[in-house]
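Below you'll find the structure, written out as structure tokens, and then a few comments.
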Ligand SMILES: [Zn+2]
């Protein structure tokens, strides 16, 4: 956390909590840190995507765990924020080229920002780990999305109307270490997998890197370091374009084009409204 100056003394921190092991472990660690430093400004944010048979279990886990460790929770849903849920979006998407995970990721990032702003938080902490980070780098590389590679550099940037700062305290930790920690601390977590997850190339990349790691221990860490260096260079070189970015003509948030990815997705989906 210190390496990238993730937390300041007066920060109000919102933690994105899905109910998976990573985010519950992060909430647990941050709560411990806050108690040790006599701080109270910590809130868990949970987003209900509206995926039936899946989200109910984790919502209950989050509620129970938060009341157990005494952390306030804020639950927001895609339906209340964007007017539709994921199950509906899957039916209305024009083709399978709009993958579930890219739509859901676009909505989730915005939903977490909006929830954090609504409770007056200035820092959003998410549980992205080293494995997530190298997968995201590869996804951007493979899809030709080189502009986005600069964004994965873990040093926090402030953005949005209220100057939110996004931090990833687990970014240098292996997924497996977090699983180990969660089991050791008896942190409960959701067992049900997202029904739409098979659509993501992330699943294949995860298996690919884990296979490599089992034959060549430390290779994921090397990959992380190389990718971080590359993303830093790309971030610095595109700084101007980030600060000069336009505003979305619909929601007025910062955007790289005249309509942001969230509004664009909603527009495409509403065309197919049956
Ligand atoms: Zn917009």
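The values are calculated or read from the model by the stated rules, or taken from the named source; none is laboratory data. No experiment lies behind these values; they were computed from the predicted model shown. Methodologically, a virtual Cβ is constructed for each residue, glycine included, from the backbone with ideal geometry; neighbour enumeration extends over all protein chains shown.
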Could you check the stretch 202-228 and list, in sequence order, the residues that are surrounded by 15 or more Cβ atoms within 10 Å (Cβ to Cβ) and within 25 Å of residue 51 (Cα to Cα)?
202, 205, 206
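Under 20 Å from residue 48 (Cβ atoms) and buried (at least 20 other Cβ atoms within 10 Å of the Cβ): is that true of residue 71 in this structure? I'd like the intermediate steps shown before the answer.
Values: under 20 Å from residue 48 (Cβ atoms): yes; buried (at least 20 other Cβ atoms within 10 Å of the Cβ): yes.
So residue 71 fits the description; yes.
Within the stretch 113-172, which residues are in a strand (DSSP E or B) and free of Cβ contacts under 8 Å to residues at least 12 places away in the same chain?
Step one: of the stretch 113-172, the residues in a strand (DSSP E or B) are 123-125, 158-159, 164-167.
Residue satisfying the conditions is 158 alone.
Let's see how each residue does on (1) without any contact (Cβ under 8 Å) to a residue 24 or more places away in the chain; (2) assigned to a strand (DSSP E or B); (3) more than 16 Å from the ligand (Cβ to nearest atom):
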| position | (1), (2), (3) |
| --- | --- |
| 188 | no, no, yes |
| 235 | no, no, yes |
| 258 | yes, no, no |
| 266 | no, no, no |
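A quick yes/no check of all residues on (1) modelled with pLDDT of 95 or more; (2) closer than 21 Å to residue 187 by Cα:
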position: 14; (1), (2): yes, yes
position: 26; (1), (2): yes, yes
position: 36; (1), (2): no, yes
position: 42; (1), (2): yes, yes
position: 84; (1), (2): no, no
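Mind checking whether some residue in the stretch 169-180 is in contact with a strand residue (DSSP E or B) (Cβ under 7 Å, 6 or more places away or on another chain) and within 16 Å of the ligand (Cβ to nearest atom)?
First, the residues of the stretch 169-180 that are in contact with a strand residue (DSSP E or B) (Cβ under 7 Å, 6 or more places away or on another chain): 169.
This time we only want the ones that are within 16 Å of the ligand (Cβ to nearest atom), so: none.
No, because not a single residue in the stretch 169-180 is in contact with a strand residue (DSSP E or B) (Cβ under 7 Å, 6 or more places away or on another chain) and within 16 Å of the ligand (Cβ to nearest atom).
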For the stretch 71-102, enumerate the residues that are assigned to a loop (DSSP other than H, G, I, E, B) and either touching a residue at least 12 places away in the same chain (Cβ under 8 Å) or within 19 Å of residue 260 (Cβ to Cβ) (or both).
71, 83, 84, 85, 93, 94, 96, 98, 99
Scanning the stretch 91-130 residue by residue, those more than 29 Å from residue 268 (Cα to Cα) and surrounded by fewer than 19 Cβ atoms within 10 Å (Cβ to Cβ) turn out to be 119, 120, 122
